[in-house]
Structures are given as structure tokens and as C-alpha cells.
Amino acid sequence: MRHYPAFLKLDGRTVLLLGSGEVAERKAEPLKRAGAIIRQADVFSPELLDGIALALGADAPEAELHALSEAAQARGIPVNIVDRPELCSFISPAVIERDDITVAVSTGGAAPVLARMLRQKIEAVLPPLIGRVAALGARFQAAVRARLPALPARRAFLERAFSGAPAELALAGRQEEAEAAFATMLESSETRPAGMVFLVGGGPGAADLLTLRALRLLGEADVIVHDRLVGEAVLDMARRDAERIYVGKLRANHCMKQQDINALLVRLALEGKRVVRLKGGDPFVFGRGGEEAAALARAGVAHEVVPGVTAALACAAQAGIPLTLRGVARGLTFVTGHTQDGRLDLDFEALARPGQTLAVYMGVVTLPALRAGLLAAGMPSDTPAAMIERGGTPQQRTLRGNLTSISNEAPEWTTGGPALLLLGEAVAMTAGERALAYAA
Ligand code: SAH
């Protein structure tokens, strides 16, 4: 983050506006709405800075703008000169307003046009009357605090109110009914919330491959329990003040035992917390989500599983490799190269059969054993293959070849990031070859 966002109280404060013209007028307008008293001048002199909260410059001669910027910064007064980032000590963001709700967008000064485009997108998704929902919150703030003094309970209640009937009525402009619904809901609210655990698939590591449901839950979580595969980009989507617990697992170096993770999830839920157990990819694909769900069920803890984009899908998509292909690959098998006691316990006869694609998870280290097993079961040594590292992220790397070449080259090629092996005839065809094959 290059600049720290904040919202200023300007009610009754004086703001200096240097310059006069169309741009200056446009700048003055929101300042007045925020209650500021505008001191306008065309020529800078130091006394103009006395007692002011903020200084802005636009539509004034260059020398005046420079003088203002320098003097204001020397006195520690925040200053903004329109379209002159080098003269500014603060940025004036693109703003979306809905009554008391203000959304401000900044690109750190790098691309104001992009900020304005983002503003348009946000304008489109924010309901026009969302400010009324905020007003509802303000109206009941004291009552909610009195009834639900503990923060988790209060938060859980407000989340229900702001997504339930009271909010819907406010959005429809039916304020009185909204208030009545809010009051009823508050009276009947549980004072102690039941905790809940969400087993959430975080996808391959790119924030925009999260599902909308995962994104919402991350924004609402009290605690996030995550491991190594979950990237920073995904964690950045979480509520800022959510507690984060790292239970990372490196192969053969489990930093917390599965049993202890299960116990941790149960304990946090029993404390009344909303827990997001965030996993790379999908929780139910080699993610031990099944074991965690069973432990939660045994302890009587409410839980929900949220699917994620599993590594095989993300890798294949970005590498342009179809996992099934009409007439070439009729099936897709997810297997793990992970070993129990150093042995690969796989049904090689079934895996070596033609007409399918294999997606091998956790296969880098066990590649030699995997190849030996597949070859012994009759898979051709030149079966097309691709190894994909950090798939679905901007750092994705792809190594193409066949079963033999990939087995030989992978140890050199890998940089230690998570990698997946795709194997089968469909892996070989480029988009151009597919176009030809299906042209007929
Ligand atoms: N639940 C996860 C898989 C966890 S097992 C999922 O659904 O994706 C861990 C293995 O997944 C890694 O050893 C690697 O083989 C694979 N993997 C996870 N993320 C990956 C990524 N971004 N790119 C390639 N492989 C990945």
C-alpha cells in the first residue's frame, strides 16, 4: 500500500482553494457538502494557510501552485494540486457516494483514469439506496450495543440484519417497515452466537479465482486457519482484523498434526467464532477436508464446505490443455503421488489404460516410482505429459514433453513450488492441432 486511506471530518473547518475556474469549482462542491468553509484565492500568500485543515490548488498559475504546495507541506498541512502528483501530499480519490456510505478508489496516483473506470464498476453494483441500510445501522447503534455487548455476537447479528429483511426493506425505500423488522430481529436475537466452521477452497492462489461465496466468508470471518498452499493474494481478501492462524504443512514436515488442527477448529467454533478453514484448491480434493468435516460433525459443530478451483482445473485452463477431449480422453482421474510409508499405493493397471487423462497431485518427488509403475502396467513411455508449477497464478510455469522426458527433466526444472503432472493423449494437442482435428 503506497498511501494510507482515511476519511476527514471537515464540518466547520476551513479549506483553502487556490485558483478559480471550472476544475476549482468542481473540487469545491464535495468539500462544501462535507461542511467545509471554503477560503478561495487566486494568488498565494502564507497567511492564507492560517487555521486551515486542508489546501487544494487548481486553475492557478504554475508559480502560485508551487508556492502553495511548498508552504503547506512545510507547515504539515495536507495539500493536493489537481493533476500534479509531485506537488501533492495527499491524493484525491475517485468517490462513490450513497448517502453516508462513501467508497473511495485510488491507484496510488499511477492511473487516475483507471480509478475512474473502477468507480463506474462499483457504482453499478452498489444499490442506490444502500445508504439507507447504513442509516438503519446508525439509528439502532446504541440499542444493538446495549443488547449485544460482546463483539462476536453483535457482529453476527448485524451481518444477519444487513443481509436480511431489514436491509431488503430499506433498499426498497420502505424505511418504517425496515426499522420495525430490525427492532423485531434485535429483540429475538440470540445473545451468544453459535460458532461455525467453513471449509473453504481458496483455489490455486489467484484472488480472482476465488468463488464469490469464499470471498464473502473471508470478509466475515473472525478467525482464518490456513496453510502453506494459500497464497498472500487470497489472504489479502480476508477481513483486516480477522485473527490468522497458520497451520502450514510442508511435505514430511507437518507443522501441526491433523488431529490438532481438527481440535483447534472445534475449540474456536465452541468459543462462538466464525471460522474459515482456508485450503488451497478444493477442500475435498487431497485437502483432508473430509477428515475435518468428520471431526466437526463428531463434535456437533455446524459447518459448511465451499468448493474451490482445484489445481488440476486451474493448471489445465491456463496451459490450454483440455482435460477431456471428444474421441481422445473420455475420463479424468485425480491421483496423488503422495506415499504412505514410502510406497506408491496406486492401481497402475487402471491408470495405464488409454483414453483418459491423469492429473497427478503431489507427484514431483515420487515421479520415478510413478513412471516405473505406469510403464510396468503398459503405458507407452512417450505418453504426452506436462508438468505445471504454481498453476493458475501469474507465476505459472509449464514443462511439456512425455512421460520419460518429464521424469528426467522435472528434478532440474522444479523451483519447489506446488506442481502437478498431467498425463495422456489430450495433453499433446495444441489448440491449432485441435482446430484441425475438429474441422471436419
Ligand atoms: N486441495 C488442493 C490440493 C492439495 S494437495 C487442490 O484441490 O488443488 C497439494 C498438491 O496440489 C501439490 O503437491 C500440487 O501437486 C498440487 N497443487 C496445489 N496447488 C497447485 C498449483 N497452484 N499449481 C500446481 N499444482 C498445485
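Please arrange M256, M429, M387 by counting, for each residue, the other beta carbons lying within 10 Å of its beta carbon, fewest first. Don't skip to the answer; put the middle values down first.
Details: M256 16, M429 19, M387 27.
The fewest-first ordering by Cβ neighbours comes to M256, M429, M387.
So how much slack lies between S45 and A111, counting 0.36 nm per residue of separation and subtracting their Cα-Cα distance, in nm? Write out the running numbers ahead of the final one.
Details: separation 66, 0.36 × 66 = 23.76 nm, distance 3.18 nm.
That works out to 20.6 nm of additional length.
Taking the C-alpha atoms of segment 130-187, how large are the radius of gyration and the largest Cα-Cα span, Dmax, in Å?
Values for segment 130-187 (Cα only, Rg and Dmax): 10.4, 31 Å.
Would you please give the FRET efficiency between R330 and K257, computed as 1/(1 + (r/R0)^6) with r the Cβ-Cβ distance and R0 = 41 Å, to the nearest 0.05? Kindly include the intermediate steps, with their values, before the conclusion.
On the way: r = 40 Å, r/R0 = 0.97.
With R0 = 41 Å, the Cβ-Cβ based efficiency is 0.55.
Only Cα pairs under 8 Å and at least 6 apart count here; give the relative contact order of segment 196-309 as a rounded whole percent. Spell out each step's value before the answer.
Details: 227 pairs, mean separation 49.4, N = 114.
Once divided by the residue count of segment 196-309, the mean separation gives 43 percent.
In whole Å, what are the Cα extents of segment 14-92 along the three principal axes, biggest one first?
28, 24, 22
Rank these for me by crowding, D222, D59, D345, D382, going from fewest to most other beta carbons within 10 Å. Before the final figure, lay out each step's value.
Values: D222 21, D59 18, D345 9, D382 12.
In order of increasing Cβ crowding within 10 Å: D345, D382, D59, D222.
For K9, go through the lysines and keep the ones whose alpha-carbon is under 25 Å away, minus same-chain ones fewer than eight residues off.
K27, K32
Quick one: Debye curve from the C-alpha atoms of segment 314-436, no solvent, what's log10 I(q)/I(0) at q = 0.14, 0.18, 0.21 Å⁻¹?
Evaluating at q = 0.14, 0.18, 0.21 Å⁻¹ gives log10 I(q)/I(0) of -0.54, -0.91, -1.25.
For segment 309-361 and segment 402-429, write down the distance between their C-alpha centroids in whole Å.
First find each Cα centre; the distance between them is then 12 Å.
Mind checking the alpha-carbon convex hull of segment 172-320 and giving the volume per residue in Å³?
Numbers: hull volume 20.2 nm³, N = 149.
Normalising the Cα hull of segment 172-320 by residue number yields 136 Å³.
Across the chain, how large is the tail of the calculated P(r) beyond 36 Å, expressed as a percent of all Cα pairs? Don't skip to the end; give the middle numbers.
On the way: 48266 of 96580 pairs.
That fraction is 50 percent.
At a 10 Å Cβ-Cβ cut-off, how would you order S189, S45, fewest neighbours first? Don't jump to the answer; show the numbers that get you there.
Numbers: S189 18, S45 11.
Going from sparsest to densest Cβ surroundings: S45, S189.
FYI, it's all coordinate maths here, none of it is from the lab. In this text the structure is predicted, and so the values were computed from the model without any measurement. Positions of Cβ are backbone-derived with ideal geometry, glycine not excepted, and every protein chain shown enters the neighbour counts.
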